[in-house]
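Please read the structure below before turning to the comments.
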Amino acid sequence: MASLYDYMRLPMDPSSEIAQKRYVAIRSFFNWALKEKLVPRKRELRVLDLCAGTGIAGAALLETLTEWGIEASLTLIEKRKEDLLLVEEWLSGEREVIGIVGDCLTELPKLRDFDVALLWGHSMAHFNPFQAAELFRRVAKALGHDGVFLIEETDNFERLFYRGRYRSPHVEARGDDWTLVSLDEGYSRKNGTMLVGFYKLPGWEPVERAEIRLWDLAGIAGMVSMAFERVGIVSKNEHGIVGVDDVVYGAFPHRA
Ligand SMILES: C[S@@+](CC[C@H](N)C(=O)[O-])C[C@H]1O[C@@H](n2cnc3c(N)ncnc32)[C@H](O)[C@@H]1O
């Protein structure tokens, strides 16, 4: 079976104009975040990009830090190697980049002393509440005492209830001669996850069946507060950058 990310590539594929515009927007956001000191302004920073895809967010932060005269290194964790290899295409020169192909939950305990951890591009859907609690605990441990965790997300309660998604098949992506649609195929009360089937049209060719958690922002922030001292939500209106969604942050990891 193919991966749904073979089709939902435009927002992160370095050769797509949509992704290039998104990269510029993410850089603007990090520029804003540095001015606001949401990202710490140290002489050297170690950045960790989780569920990195092509590393668009980590690379955008690395380039922005370089522009600010801050030395930085980047570590990326991503399940799919083929996308991880594309990170170089976002970078303008020689940079210290380490790519880890694997699961964030398994790899995080091996990592320490990062300054910034990113979970960018609506990746929370891949974690059910139990996995999310574990993920946040492990991120907090992988950060230094003044580290910060930034999560770009959307409020799915709003999407579901106000926009009526899943009352009919939902169009996820379109190519010249194909359409990727998703269907609600079940719900797990115990995990709070939907089973979503992705199909390629015409022909209803199965692409992937994914267990997805549709989070709301306050739900994420509430869980982040178990692992971080200071927690907040920067709304799209507050940062004002078109192309970057709401951002949940956690700063000062709790030390057990
Ligand atoms: C929504 S995409 C976001 C990618 C990237 N952060 C961006 O902003 O474009 C989520 C990515 O997470 C990866 N992924 C999902 N679950 C993962 C896990 N447990 N560990 C590592 N990668 C994971 C997927 O392969 C996919 O590339």
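Some points to look at:
- Looking across the range 246-256, not a single residue is buried (at least 19 other Cβ atoms within 10 Å of the Cβ) and not in a strand (DSSP E or B).
- From the list ILE98, ILE56, ILE77, the lone residue that is more than 14 Å from the ligand (Cβ to nearest atom) and hydrophobic (A, V, I, L, M, F, W, C) is ILE98.
Yes/no per residue for (1) surrounded by fewer than 19 Cβ atoms within 10 Å (Cβ to Cβ); (2) without any contact (Cβ under 8 Å) to a residue 60 or more places away in the chain:
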{"site": "GLU211", "(1), (2)": "yes, no"}
{"site": "TRP215", "(1), (2)": "no, no"}
{"site": "ILE220", "(1), (2)": "no, no"}
{"site": "MET223", "(1), (2)": "no, no"}
{"site": "GLU229", "(1), (2)": "yes, yes"}
{"site": "LYS236", "(1), (2)": "yes, yes"}
{"site": "HIS239", "(1), (2)": "yes, no"}
{"site": "VAL244", "(1), (2)": "no, no"}
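- Selected residue (criterion: modelled with the highest pLDDT) from residues of the range 124-180 that are outside any strand (DSSP E or B) and among the hydroxyl-bearing types (Ser, Thr, Tyr): THR154
- Positions within the range 1-53 being part of a strand (DSSP E or B) and either among the hydroxyl-bearing types (Ser, Thr, Tyr) or within 15 Å of the ligand (Cβ to nearest atom) (or both), in sequence order: VAL47, LEU48, ASP49, LEU50
- Test: residue in the range 35-42 that is in the same structural domain as GLY243 (by TED's automatic domain parsing), modelled with pLDDT of 95 or more and touching a Ser or Thr at 6+ places or on another chain (Cβ under 7 Å): no
- Screening the range 88-136 for residues that are more than 18 Å from LEU150 (Cα to Cα) and of a type in the set (Asp, Glu) and picking the one that is nearest to the chain's Cα centre (by Cα) gives ASP103.
- Unique residue being crowded, with 16+ Cβ neighbours inside 10 Å and more than 11 Å from the ligand (Cβ to nearest atom) when the list is VAL87, VAL116: VAL116
The values are calculated or read from the model by the stated rules, or taken from the named source; none is laboratory data. Predicted model only: the values in this text are computed from it and were never measured. For neighbour counting, all protein chains shown are included, and Cβ atoms are generated from backbone atoms with ideal geometry for every residue, glycine included.
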